[in-house]
Amino acid sequence: MSSPANPFAAACARAVARATGIDADGLSVQSPPRPELGDFAVACFPAARQLGLAPAAIAARIAAGFEPDAWIASATATGPFVNFRVQRAAMFHHLLDATLRPRDDAPLLPRHGAGKTVCIDFSSPNISKQLAYHHIRSTVIGHALANLYRACAYRVVGINHLGDWGTTHGMLLAACARWGEPQPLDIGALNALYVRFREAIKTEPALEEEARAWFKRLEDGDLEARARWQRFRDVSWAEFDAVYQQLGIVFDEVRGESAYEADMPAVLAMLADKGLSRVSQGALVVPLEDAAGVEEMPPLLLKKGDGATLYATRDLAAAIYRWDSYGFERSLYIVDRGQGLHFKQLFRVLAMAGYAWAGRCQHVPFGLVRIGGKKAGTRTGKVVLLREVLAEATERAAATIRDKSPGLDDVAVAAIAPVVGIGAIVFANLFAAREKDADFEWEQVLSPQGDSGPYVQYAHARCASLLRKAMIELGDPAPSPEVDCALLSHDAEWTVARRLGDFADTVARAADGNDPHVLTHYLLDLCGDFSRWYTLGNGDPALRVLCAEVATRRARLALVAAVKEILQIGLGILGLGAPEAM
Ligand code: ARG
């Protein structure tokens, strides 16, 4: 356990550590089940174990001997817990300062990743076919994880391991040889060509042999085959990149499977030298057996009977390349859970080959998300195109925005609609627990009221509009942390502050567990807290953010500005934009 990023939570752990003589790092600081109990709770079990006393007795002793300081106002014992109340004005001030004026000595985000590298393999689609809707989940989860790790100060290498090699390309080359290269060559034409070829094989099995021969020519560096393959790759990348641009994604490395072709002999030789590979039914495999020779999982297939290397062989080379190039702390593969066995086999073979870093490799699986009842397709089946889903989302968002904000002109709507529509799709994909399947309706995904991206974006725009109004109509200065924090005396304001204080630890938890949905839930909670505070003013003008009393208003505006900042940073980490008006 490392100490919490919130210094007030850390101070509570230190108070218990000081009173008992145990190490603060071993203590967990939680939120009490009910806010009336206090702001932070520290359990006394670890101290009890070390001191051989009952946890409740230790808690009572700590509470009795407690003396307030600049951080903590009071301590009470409840069973085995010490519940602390912090100095509210001090924590308000700290939060406003850290959020509105971040400095190195008061970082807003965790720093535990400094000096460490994480490789994240995400999106990684196969070329020569469109990005289908299911590709979005790897793409947006991977992008959010890359941002989360960066937020924790890791060096991140975001990798697109394009599926640009393998027998599929033999089929496409054979098809071009037969029927001519489609003009104009685009990804739709390539996909159609592939489907036509698969259909034709059914009645003309000899085509299979032609495809194999063409793949062999490609592998052997035949110029005609290479040039045509390169065109397939170029048109595919153009198509993919257009979507990546819409999603605001840039990869640090785009290195397809083809890049590992040259490493194949060395990988195969290494496995043979170590006595790991063997020929089985004409194929080259690595059997995966326990010490007694009992098969634990199916063997990893390295080379088919016809000599062609496989996906797995190239993944071995890629893993080694990443280690050699980046010396990673973690190497993540954001790939659907259907490939679970592949990654288990892969990591096992790396471990058997003696690479100690194999334990740092991790498959981050995910389930299927559907929106509007549309299922992700397969190569031959009916594919729902990602491009089309994003376009539909944008169109629907434009309608919602026009409806909700009739004051916005067409230019503004056109600018905001993609941010909201695409953001809604991204958010829904991250909101669903990663390993579960989820079914969303369009209304849910785009709802400005529900657990949605637009809901968070609206809260952010609401903050922006309050700040604009204060400056333009009331002449308030830009919000600053130098306000009288004692004026923030309502519990609803404190609830907002407590939540803001959890931001850094939430980001750390989301990164450490590879779970962006932790952050989506946090942002929704923050919006809920903000809205409960904000709507108090509907019943009582004195509780409005823009109340008449100037000093109070400026203190509240600083809190609004802090909420806005955290929402914007949080949305940015998830891969969503935060419009200033909606
Ligand atoms: N191209 C593969 C597919 O579309 C995913 C690749 C994932 N990354 C990896 N290193 N295997 O299924």
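The values are calculated or read from the model by the stated rules, or taken from the named source; none is laboratory data. Please read these numbers as outputs of a predicted model, since none were measured by experiment. Using ideal geometry, Cβ is built from the backbone for each residue, glycine included, and neighbour counts are taken over all protein chains shown. All accessible areas refer to the heavy atoms of the entire protein, side chains included, with ligands and DNA or RNA removed. Shrake-Rupley method; radii C 1.70, N 1.55, O 1.52, S 1.80 Å.
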Exercise. Ordered by packing density, taken as the mean number of other Cβ atoms within 10 Å over each peptide's residues, highest first, how do 128-141, 353-366 rank?
Worked result: 128-141, 353-366
For this session: Find the accessible area per residue for the stretch 1-93; the probe is 1.4 Å, ligands and nucleic acids are left out, and the unit is Å².
Result: 48
Problem set entry | Pairwise label distance in nanometres, ALA438 with ALA292, each label 7 Å out on the Cα-Cβ vector | 4.4
Exercise. Could you give the accessible area per residue of the stretch 268-368, probe 1.4 Å, as a whole number in Å²?
Worked result: 45
For this session: Using a 1.4 angstrom probe on heavy atoms only, work out the carbon and sulfur share of the accessible area of the chain in %.
Result: 52
Problem set entry | FRET efficiency for LEU408 and LEU185, using Cβ-Cβ distance with R0 set to 35 Å, rounded to 0.05 | 0.30
Seminar exercise, completed: P(r) over all Cα-Cα pairs of the stretch 145-276, 10 Å bins from 0 to the longest distance, whole percent per bin, short to long, reads 11, 32, 29, 20, 8, 1
For this session: Return the percentage of antiparallel bridges among DSSP beta bridges fully within the chain, rounded to the nearest 5 %.
Result: 55
Exercise. Averaged per residue, what accessible area in Å² does the stretch 426-582 show with a 1.4 Å probe, protein chains only?
Worked result: 38
Seminar exercise, completed: Here the tail fraction of P(r) beyond 37 Å, over all Cα-Cα pairs of the chain, rounds in percent to 45
Exercise. Quick one: if you stick a label point 7 Å off each Cα along the C-beta vector at ASP105 and ASP491, how many nm between them?
Worked result: 3.7
Exercise. Sorted from largest down, what three extents in whole angstroms do the Cα atoms of the stretch 123-213 have along their principal axes?
Worked result: 56, 24, 21
Exercise. Between ASP306 and ASP324, what is the spin-label point distance in nm, taking each point 7 Å from the Cα along the Cα→C-beta axis?
Worked result: 2.9
Seminar exercise, completed: Sorted by chain and then number, the residues having a modelled amide H within less than 5 Å of the amide H of TYR154, at least 5 places away or on another chain, are GLY113
Seminar exercise, completed: Given a Förster distance of 30 Å, the FRET efficiency implied by the Cβ-Cβ spacing of ALA266 and ALA242, rounded to the nearest 0.05, works out to 0.25
Exercise. Share of antiparallel DSSP beta bridges in the stretch 255-414, in percent to the nearest 5?
Worked result: 70
Exercise. Relative contact order, percent, of the chain when contacts are C-alpha pairs under 8 Å separated by at least 6 residues?
Worked result: 15
Problem set entry | Volume in Å³ per residue [convex hull over Cα atoms, computed for the stretch 4-74] | 87
Problem set entry | Cα convex hull of the stretch 129-179 - mean projected area over all directions, nm² | 4.7
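Taking Rh as the Kirkwood radius computed over C-alpha pairs, what is the Stokes-Einstein D of the stretch 458-582 at 37 °C in a medium of viscosity 0.692 mPa s, expressed in µm² per second?
Estimated diffusion coefficient is 219 µm²/s.
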Problem set entry | Amide H partners (placed H, <5 Å) of ARG370, local residues excluded | ALA438, ASP439, PHE440
Exercise. Roughly how many Å² of ILE472 are accessible to a 1.4 Å probe, to the nearest 10?
Worked result: 130
Seminar exercise, completed: So, over other residues within a Cβ distance under 10 Å of ILE159, counting Lys, Arg +1 and Asp, Glu -1, the net charge is -1
For this session: Take the eigenvalues of the Cα gyration tensor for the stretch 179-227, scale each by 5, and report the square roots as semi-axes in whole Å, largest first.
Result: 19, 18, 7
For this session: Can you tell me the FRET efficiency between ARG34 and LEU546 if r is taken as the Cβ-Cβ distance and R0 is 35 Å, rounded to the nearest 0.05?
Result: 0.65
Problem set entry | Residue-level accessible surface for CYS44, protein heavy atoms, 1.4 Å, Å² | 0
For this session: Give the dimensionless ratio obtained when the Cα radius of gyration of the stretch 43-195 is divided by 2.2 N^0.38 Å.
Result: 1.95
Exercise. Once fully extended, how much extra length lies between ALA56 and ASP222, figured as 0.36 nm per residue of separation less the alpha-carbon to alpha-carbon distance?
Worked result: 52.0 nm
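Tell me, what is the percent relative contact order of the stretch 442-582, built from C-alpha pairs under 8 Å that lie six or more residues apart?
37
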For this session: Just list whichever of LYS202/LYS436; LYS404/LYS469; LYS404/LYS436; LYS129/LYS202; LYS469/LYS564 have alpha carbons separated by over 26 Å in the model shown.
Result: LYS202/LYS436; LYS404/LYS436
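Rg(Cα) of the stretch 233-279 divided by 2.2 N^0.38 Å?
Here the answer is 1.81, to two decimals.
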Exercise. Which order do MET91, MET471 take by accessible area at a 1.4 Å probe, largest first?
Worked result: MET471, MET91
For this session: Can you tell me how much longer the chain between VAL195 and ALA213 gets when fully stretched, taken as 0.36 nm per residue apart minus their C-alpha distance, in nm with one decimal?
Result: 4.6 nm
For this session: Report the paramagnetic label zone for ARG387: residues of the stretch 170-194 whose backbone N is under 18 Å from a point 7 Å from Cα along the Cα-to-Cβ axis.
Result: 182-194
Exercise. What 222 nm value per residue comes from the helices of the chain, counting each DSSP H run with n ≥ 4 as -39,500 (n - 2.57) and dividing by all residues, nearest 500 deg cm²/dmol?
Worked result: -17500 deg cm²/dmol
For this session: Any chance you could give the angle, 0 to 90 degrees and rounded to 10, that helix 517-539 forms with the longest Cα principal axis of the chain?
Result: 40
